[in-house]
Amino acid sequence: MKTIEIIARFPNLKLSKNAGGIIEASADRDDIAAIATALVQDHKLPLSLMFGTDDREEKKSFGVHTVFSNDAEHERLVVSIEVPEQDAQYPSITATVMAAHWYERYLRDMFGIEPKGHPDLRRLVHHENVPENIFPLRKDFAWNAKMEYANVAYPMHHVAGEGIYEIPVGPIHAGIIEPGHFRFNVAGERIITLEGKLFFTHKGVEKILEGKTVVEALPFIERISGDMSSAHALAFAQSIEVISGCEIPRRAKMLRTLLLELERMTMHVHDLGNIGGMGTGYSFIAANCFRIKERLMRLSEKMTGNRFWRGVIVPGGVDKDFAADELIHTWSVVKNAYQETMEIINTALGSEGFLERLQTTGVLPKEAAEAFGAVGVAARASGIDRDARRDYPYAAYAEFPVPVVIESTGDVYARYKVRIEELKQSVALVEKIISNLEEGAIMVGYAVKDGFGLGSVESWRGEILCAVRIKDGKIDRCFPRDPSFCNWALFGIIGPGNIVPDFPLCNKSLNLSYSGTDL
Amino acid sequence: MAFIKLLKILFFGPKVTESESGLSGPKDQEIQNIGEEIKKEVERLYGGRSLRIRAVDGGSTNAEEIELTALLNAYYDIDRFGLSFVASPRHADMLFVTGPVTRNLEAAVKKTYQAAPEPCIVVAIGDGACTGGIWNDSYAVVGSVDKVIPVHIRIPGDPPTPTEILKGVLGALRGKK
């Protein structure tokens, strides 16, 4: 059903704008919980994003914006409510729409907007050291403010009972990974509850972006998460292009797709080696996949001048063109990398011991994945048929569609198989792009207009949604939501029931970004 | 027959993960040379034993971690030069700290440094760790690593490549007595 028709069924939902697949509507703040519940449960439009804005200067109120996805119609519905400055609260939607749970805690920490009735209003972003009543995303908080050091409680869940003990892990881990703290409550080796404390790498990206021009913002966007630079740059570029109403040339679209798929390949090869090798102790797999990944990183260095597929995608197109012989070289590296990876992976899949570790480990049931609003590989491995490349086609994905890879068992093995299949398709797509590429412009001029834009990209990790609002030619608010933000809480479901030594395997099978979540 | 095939591969097959031809570029020769130098310095300083490194993420974007992990792949394989990453700061001669150090990690970085035995060489890896980089002055960031713990050597870069990191380590060891 078209989103417009759905809105017509809600007398308390006022349509305000309908352009380019983004439908904006407003509602009374007291109705938001009921509207969100009906949209998610009756109309099956999953909640994809929720963010706040500080509109006190014009309206004496804050804005809370919820974004629902109408995949079948390729439309996003943005429902906004106004929350008055003097009474900054609204009825929480978490009780019925679980996917909102972190977004609402985030709103409370960053804006001081209270979701009334939220079942778990502990701190999320702010650790103990941040004093009470500090709301960094309010406009009267300076980006370079010097805060006092406080010691506010940051409680974690405990389980009591005979023989139950806690294992704290992190934030500094034994391996070379990012910082996060995990608290296991276990009986023997079996995990009973698992909770994470994240936001250790919170650098204040959203606040820094405020007041920046589009060009100034790009370096920060590319450094939200080091391993998905081009995907974040594309999501941001697309939201700017939506606002400015610019259509980019075909060659630029195809080169964007090429870069995104090369980034996906690089990281899928990494993950196949990391899960299969480091996660299980089958180091032969890791050694080989990491060597192939290094070749892909060197390919990036050759093509883009850096090892992270960075610096090419810009609003308006791409900043660098590739000569025909360069692309032929790219294809030969990609083809070899793929063939060798498959040889290694097939060796792994032929091992009973290997399969034994992956199968039935870290199961994410479909209902849980839906409830938590899981995205990306984790969602597809649990049977959720969503992929922004098909549902909200961007770059060249409309012209060169990719089939969506679905598995149903939801275990580590399912996530492994989804990655293998996606790797296969990335390679096929890279070949199609390279052989169909025609000469042409790679960039178009655009004037930055004021307005709201939403860019979505299916990165190798999952769907990025970048919401941008431009005011007076500068960024007024930008929330680049990393897929990791949606998936971190899944550990509370995936972990329990497994033994502690299987946790690294579960962790690697999701491979979430800390920096991308923490912002 | 499968058994005979296996024996053949074991005894007469190729014994490397990457064939020689794939590893003979000028870049790889450079790594080899730097590595040999590092090996000599480690021999001089630690009497033939190895140099143990503990990596600490002080708030990076994870690009630095990717490059540190890359040091272990077949192209760089730093173990052959007597360098290795350890799981605890208590076993470390050297700390690699990436950053900028965020407020939320300040205590963890300090504690890690205190847990490492003396003398401990602290290396700041990447622009964020060296100067605070583009994140400097943000409300959520403390800044460069030297604002939290003493830093002995800085390896700038966004992020520095594995080769640059190795060069930096060599520089750090050369200055030591």
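The values are calculated or read from the model by the stated rules, or taken from the named source; none is laboratory data. Values in this document were obtained by computation on a predicted structure and should not be read as measured data. Using ideal geometry, Cβ is built from the backbone for each residue, glycine included, and neighbour counts are taken over all protein chains shown. Just the protein is used for accessible areas: all its heavy atoms, side chains included, with ligands, DNA and RNA removed. Shrake-Rupley method; radii C 1.70, N 1.55, O 1.52, S 1.80 Å.
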Out of (1) without any contact (Cβ under 8 Å) to a residue 60 or more places away in the chain; (2) more than 17 Å from A:A33 (Cβ to Cβ); (3) not in a strand (DSSP E or B), the odd one out for A:Y165 is which? (3)
For A:W309, the lone unmet condition from (1) open to solvent by less than 40 Å² (accessible area, probe 1.4 Å); (2) part of a helix (DSSP H, G or I) is (2)
Do you know which of the residues in region B:144-159 that are buried (at least 23 other Cβ atoms within 10 Å of the Cβ) and touching an Asp or Glu at 6+ places or on another chain (Cβ under 9 Å) is farthest from B:C120 (Cα to Cα)? B:P159
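Output the residue which, of all residues in region A:121-167 that are of a type in the set (S, T, Y) and open to solvent by 50 Å² or more (accessible area, probe 1.4 Å), is farthest from the other protein chains (Cβ to nearest Cβ).
A:Y165
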Name every residue in region B:131-143 that is assigned to a helix (DSSP H, G or I) and surrounded by fewer than 23 Cβ atoms within 10 Å (Cβ to Cβ), in order of residue number. B:T131, B:G133, B:I134
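Yes/no matrix, rows are residues, columns are (1) farther than 18 Å from A:G373 by Cβ; (2) open to solvent by 20 Å² or more (accessible area, probe 1.4 Å); (3) at pLDDT 95 or above; (4) not charged (D, E, K, R):
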position: A:G473; (1), (2), (3), (4): yes, yes, no, yes
position: A:W488; (1), (2), (3), (4): no, no, no, yes
position: A:P496; (1), (2), (3), (4): yes, yes, no, yes
position: A:S509; (1), (2), (3), (4): yes, no, no, yes
From the list A:K302, A:K293, A:K212, which residue is closer than 30 Å to A:E356 by Cβ, open to solvent by 10 Å² or more (accessible area, probe 1.4 Å) and within 14 Å of another protein chain (Cβ to nearest Cβ)? A:K293
Matching residues in region A:176-193 (open to solvent by 40 Å² or more (accessible area, probe 1.4 Å) and closer than 30 Å to B:G99 by Cα) number 2
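So that you can scan it fast, the table gives a plain yes or no per residue for (1) open to solvent by less than 20 Å² (accessible area, probe 1.4 Å); (2) of a type in the set (A, V, I, L, M):
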site	(1), (2)
A:V405	yes, yes
A:D411	yes, no
A:Q425	no, no
A:A428	no, yes
Out of all the residues in region A:353-407, which are among the acidic types (D, E) and farther than 30 Å from A:G317 by Cβ? A:E356, A:E367, A:E370, A:D385, A:E407
Can you name the condition, by its number, that A:H118 falls short on among (1) assigned to a loop (DSSP other than H, G, I, E, B); (2) open to solvent by 30 Å² or more (accessible area, probe 1.4 Å); (3) farther than 30 Å from A:G226 by Cα; (4) away from every other protein chain (no Cβ under 14 Å)? (2)
So if I check each of A:A323, A:A378, A:A371, which one is farther than 22 Å from A:E421 by Cα, of a type outside the set (S, T, Y), more than 14 Å from chain B (Cβ to nearest Cβ) and within 27 Å of the chain's Cα centre (by Cα)? A:A371
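Conditions (1) under 21 Å from B:G143 (Cβ atoms); (2) surrounded by fewer than 22 Cβ atoms within 10 Å (Cβ to Cβ); (3) within 10 Å of chain B (Cβ to nearest Cβ), marked per residue:
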site	(1), (2), (3)
A:V205	yes, no, yes
A:I208	yes, no, yes
A:S229	no, no, yes
A:A235	no, no, no
A:R250	no, yes, no
A:L260	no, no, no
Which residue, of A:I221, A:I240, A:I191, A:I177, is away from chain B (no Cβ under 14 Å), outside any strand (DSSP E or B) and of a type in the set (A, V, I, L, M)? A:I240
Pair list, Cβ under 7 Å, 6 or more apart: region B:121-144 residue within 13 Å of chain A (Cβ to nearest Cβ) and within 16 Å of B:T161 (Cβ to Cβ), other residue surrounded by fewer than 23 Cβ atoms within 10 Å (Cβ to Cβ) and small (G, A, S): B:G126/B:G157; B:D127/B:G133; B:D127/B:G157
